[in-house]
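Input: a single structure, listed below in structure tokens.
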Amino acid sequence: MEYSKLFSLSGKTALITGAAGLLGTEFAKGLAAHECNLILIDMDETKLNRLEKEITKTYNIECNIFSCNVTKEESVRILSKKLEEGKCSVDILINNVATKGSDLDKYFASVDNYSIETWNEILDANLTSMFILAKVFGTKMAEKGSGSIIQTSSIYGIMAPDQRIYKGSKFLNREINTPAIYSASKAGVVGLTKYLATYWASSGIRVNTLTPGGVYSGQNKTFVDKYSERIPMKRMADKSELVGAVVFLSSDASSYITGQNIIVDGGLNCW
């Protein structure tokens with residue numbers, strides 16, 4: 001065994017959804033740095049084009065970008081057909097897309113006023129899309145007998161948010177909270193991972209969850225201080241600190257790991 005090559009992704013191709021977002025951008029850069037070719041999916045074409053230019057300028061890998069509504073199976077199948085026509089096979093699927101929906105007021109509404117339409121909109125993006133992508137691309141992985149699927153959950157998919165930290169907490173100058181649909185959809189990601197891990201285990205496909213704790217992205221000092229006080233390591237995560245786990249789960253270094261939830265939270269869930 002050449003252990004020095006365990007983390008190599010040379011010759012592999014990863015498809016990342018939500019690629020232009022906070023974590024997706026870092027995942028793309030981290031995999032590219034390990035010589036992994038990329039298929040980047042996002043609805044924000046401006047950010048996607050900017051990311052593609054940065055990656056192709058910095059890394060010697062193949063990078064293709066597509067705008068695709070991953071909540072619609074027909075759109076995902078059209079994407080799959082385009083990739084087949086380009087003779088592009090997906091080795092790694094990073095199910096990373098998530099949304100706050102089209103109306104932030106409705107997204108952050110209280111339980112008693114929560115719109116079922118908003119609930120379904122978030123559920124479609126945060127969970128149903130992952131099943132659609134896994135159904136389409138996981139099936140193709142099974143046909144060739146190998147593949148790794150990594151699905152992004154959240155610390156609030158495995159434990160309840162502490163409602164006390166939200167008083168005075170803001171993001172982009174608006175009051176925030178963690179709505180029930182976020183917790184429910186992210187908990188569903190963990191369950192879906194375990195199901196697919198056992199369903200495809202004999203086909204050479206590994207399916208794992210990545211669960212980030214709170215990642216700093218411009219929250220106000222009140223939130224950062226209150227959240228950090230909950231963490232054994234006394235701070236929020238930097239977005240770059242999630243990349244190592246993604247590289248690990250994508251590579252042969254995790255060849256006997258499936259159905260697991262890799263929690264990167266500074267120790268929060270220990271308490």
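The values are calculated or read from the model by the stated rules, or taken from the named source; none is laboratory data. Given the structure is predicted, the values throughout are model-derived calculations rather than measurements. As a convention, Cβ positions derive from the backbone with ideal geometry for all residues, glycine included, and neighbour counts pool all protein chains shown. Just the protein is used for accessible areas: all its heavy atoms, side chains included, with ligands, DNA and RNA removed. Shrake-Rupley method; radii C 1.70, N 1.55, O 1.52, S 1.80 Å.
The set of residues in region 6-28 that are open to solvent by 40 Å² or more (accessible area, probe 1.4 Å) and either closer than 25 Å to ILE132 by Cα or without any contact (Cβ under 8 Å) to a residue 12 or more places away in the chain (or both) comprises LYS12, LEU22.
Checked against (1) in a helix (DSSP H, G or I); (2) open to solvent by less than 50 Å² (accessible area, probe 1.4 Å); (3) not hydrophobic (A, V, I, L, M, F, W, C), SER240 meets all criteria but (2). If the condition is being polar (S, T, N, Q) and assigned to a helix (DSSP H, G or I), then region 9-46 contributes THR25, THR46. Of PRO212, PRO232, all but one fail to be of a type outside the set (A, V, I, L, M, F, W, C) and open to solvent by less than 50 Å² (accessible area, probe 1.4 Å); the exception is PRO212. The single condition from (1) closer than 25 Å to LYS100 by Cα; (2) assigned to a helix (DSSP H, G or I) that VAL247 fails is (1). Would you mind stating whether ALA187 is more than 16 Å from the chain's Cα centre (by Cα) and in a helix (DSSP H, G or I)? Judged against the criteria, ALA187 is not a match. I'd like to verify a number: residues in region 117-162 that are farther than 26 Å from GLU84 by Cα and without any contact (Cβ under 8 Å) to a residue 40 or more places away in the chain, how many? Looking only at that region, the number is 6. Considering region 47-71 alone, what residues qualify as being open to solvent by 40 Å² or more (accessible area, probe 1.4 Å) and part of a helix (DSSP H, G or I)? Within region 47-71, LYS47, ASN49, ARG50, GLU52, LYS53, GLU54, THR56, LYS57, THR58 meet the criteria. Of the residues making up region 72-85, not one is in a loop (DSSP other than H, G, I, E, B) and either crowded, with 19+ Cβ neighbours inside 10 Å or of a type in the set (Gly, Ala, Ser) (or both). Taken together, the residues in region 126-148 that are under 24 Å from ALA253 (Cβ atoms) and either open to solvent by less than 30 Å² (accessible area, probe 1.4 Å) or touching a Phe, Trp or Tyr at 6+ places or on another chain (Cβ under 6 Å) (or both) amount to 9.
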